[in-house]
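First the structure, in the form of structure tokens, and then the observations on it.
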Amino acid sequence: MKLRHITLAAAAALAVTGAQAQTEIQWWHSMSAALGEWVNDLAKQYNESQSEYRVVPTFKGTYDEAMTGAIAAFRAGNAPHLLQVFEVGTATMMAAKGATVPVGKVLDDAGFQFDPNAYISAVTGYYTAPNGQMLSYPFNSSTTVFYYNKDAFKAAGLDPEKAPKTWPEVFEAATKLKDSGHKCALTTSWISWTQLESFSLWHNTLFASANNGFDGNSARLQVNSPLHLRHFENLAKAAKEGSFVYKGRGNKADAIFAAGECAMMTGSSGVYSRLAKESKFDYGISTLPYYADVEGAPQNTAIGGASLWVLSGKSAKEYKGVADFLNFLSKPEVQAASHQRTGYLPVTTAAFELTEQSGFYKEKPGTDVAVTQMIRKTTDKSRGIRLGNFVQIRTIADEETEQIWAGKKSPKDALEAIVKRGNEELERFEKANNR
């Protein structure tokens, strides 16, 4: 009996030692609700696939909060290995000299053959340095799409199988929906991203000079163009009539649309996971609306979502674990499953082809919209937007456009104010980060 106790104790000690031998990889993220479950499941799937490393995902609040918290943790010497950063934080992370290690280097150093050509170019191009090196891993890449409630369309006498493709068609449908008694015919989430940023790229029109910041920190905003003004005058008219209803900043409109309160919405392709789980109505997914008389439209939409940045100051063994996890995320079957579950883009061509071959797009009409919008050939005007202090610029856009919906500012004055205030942020960033 005594020997048996010793044997059991020895086995327990070995188990503890084995558990301690695992290299822990801390992953800070901003995914909540259904997407938070997805992140936890990915970590669980990876952890169960091998025994050398253990990825620990931790929710750190909104993208803003997570980035601020990680910067403070880095300065204190206890930063995570991986940090999820939304796309508007890219220029800020690039400017944080010494705080990050390029993903391409981490993968190469660990012996993984990193092939940028395996990824969808519009996605990887955004997160790539001028020298061609991948800076961060495109984790939950999304783009803007158009959602509509088919049941509401039926009730308003609209064809539920025919989504409005142009903005005039959207406003016409919004009027009919309102007249049929719908209190919220049209709304949007992330107003700067959907109605200024993606709107610009979709119309092959610059959001900012210097090719939207890709050519350097001298970029200045150009969202007071005749096209931008025309669009916001139309939105203002719809708001005054009650057919366009602003539901708040960020992604607040997502839950409201999923609940069936609004009939049409522009938002992230990543909302699909929420709709698939929560909606009690039949919905459709279509391309972002455009103005048909604008030359070059439609082009391609703006990348959204976030990427994973590797923070510096870790051991070679830890970086090998980070690389192993990123390599796992890149597997076609993992990518395809994530794309089909969330609505985020499959960042590799192989994952897109695997999904297509599975018949998923035929079974779930509209789920390929985000991909087809992004795999179009990009131009210098539509590659993306990479600006310093972009988070602050989006806040300015929120503040100024809210003045339009409140009837306190004309669209012209609001857009002029966005340009003036936004350029002050860009000038500040340029002075601090000359390159």
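Annotations
- Longest to shortest principal axis, alpha-carbon extents of the stretch 205-327, angstrom: 60, 45, 25
- Carbon-plus-sulfur accessible fraction, the chain (probe radius 1.4 Å, protein heavy atoms only): 51%.
- For the stretch 97-111, 3J(HN,Hα) computed residue by residue from phi via the Karplus equation (6.51, -1.76, 1.60; θ = phi - 60°) reads 4, x, 8, 10, 10, x, 4, x, 5, 4, 5, 4, 4, 8, x Hz, glycine and proline entered as x.
- Under 5 Å from the amide H of I120 lie the amide H atoms of T348, T349, each residue being 5 or more positions distant or on a separate chain, with H modelled from the backbone and absent for Pro and chain starts.
- Take the chain with all the other protein chains still there, run a 1.4 Å probe, and you get 43 Å² of accessible area per residue.
- Note on T349 and Q113: the extension gain reaches 83.3 nm, defined as 0.36 nm multiplied by sequence separation minus the Cα-Cα distance.
- Length gained on full extension, A33 to A76, computed as 0.36 nm times the residue gap minus the Cα-Cα distance: 12.5 nm.
- Tensor-based shape of the chain (alpha-carbon gyration tensor, a/c under 1.5 rounded, otherwise prolate or oblate): prolate
- Each of the peptides 323-331, 83-91, 152-160 was scored by the mean count of other Cβ atoms within 10 Å over its residues; in descending order, highest first, they stand as 83-91, 323-331, 152-160.
- Taking a ≥ b ≥ c as the square roots of the eigenvalues of the Cα gyration tensor, an a/c ratio of 1.5 or more together with a/b no larger than b/c marks the stretch 311-408 as oblate.
- Couplings 3J(HN,Hα) of the stretch 247-256, computed from phi: 10, x, 6, x, 9, 4, 5, 4, 5, 5 Hz, in residue order, whole Hz [Karplus 6.51 cos²θ - 1.76 cosθ + 1.60, θ = phi - 60°; x for Gly and Pro].
- The stretch 361-400 shape via C-alpha gyration tensor axes, a/c threshold 1.5: oblate
- GluC sites (Glu not before Pro) lying in DSSP loop within the stretch 196-256, provided at most 15 other Cβ fall within 10 Å: none
- Of K44/K154; K162/K247; K105/K420; K165/K247, pairs whose Cα-Cα distance is over 31 Å: K44/K154; K105/K420
- From the largest down, the stretch 393-435 spans 40, 15, 10 angstrom on the principal axes of its Cα atoms.
- The loop-placed GluC sites (Glu not before Pro) in the stretch 286-336, going by DSSP, that have at most 13 neighbouring Cβ atoms within 10 Å of their Cβ come out as E295.
- When you restrict to C-alpha pairs under 8 Å that are six or more residues apart and normalise by the size of the stretch 270-416, the relative contact order lands at 29 percent.
- The chain, helix-only ellipticity at 222 nm - DSSP H runs n ≥ 4, -39,500 (n - 2.57), divided by all residues, nearest 500: -14500 deg cm²/dmol
- Residue among K60, K178, K364 with the largest mean-square fluctuation in a Gaussian network model of the chain, springs linking Cα atoms under 10 Å: K364
- Here the Karplus curve 6.51 cos²θ - 1.76 cosθ + 1.60, taken at θ = phi - 60°, turns the phi angles of the stretch 222-230 into couplings of 9, 8, 9, 5, x, 5, 4, 5, 4 Hz, with x standing for Gly and Pro.
- Interchain or long-range residues, amide H under 5 Å from Q26's placed H: V56, H81, L82
- Contact order normalised by residue count of the chain, Cα under 8 Å, 6+ apart, percent: 24
The values are calculated or read from the model by the stated rules, or taken from the named source; none is laboratory data. Keep in mind it's a predicted model, so treat the numbers as computed, not measured. Cβ sites come from the backbone with ideal geometry, for glycine too, and all protein chains shown count toward neighbours. Surface areas here come from the heavy atoms of the whole protein model, side chains and all, with no ligands, DNA or RNA. Shrake-Rupley method; radii C 1.70, N 1.55, O 1.52, S 1.80 Å.
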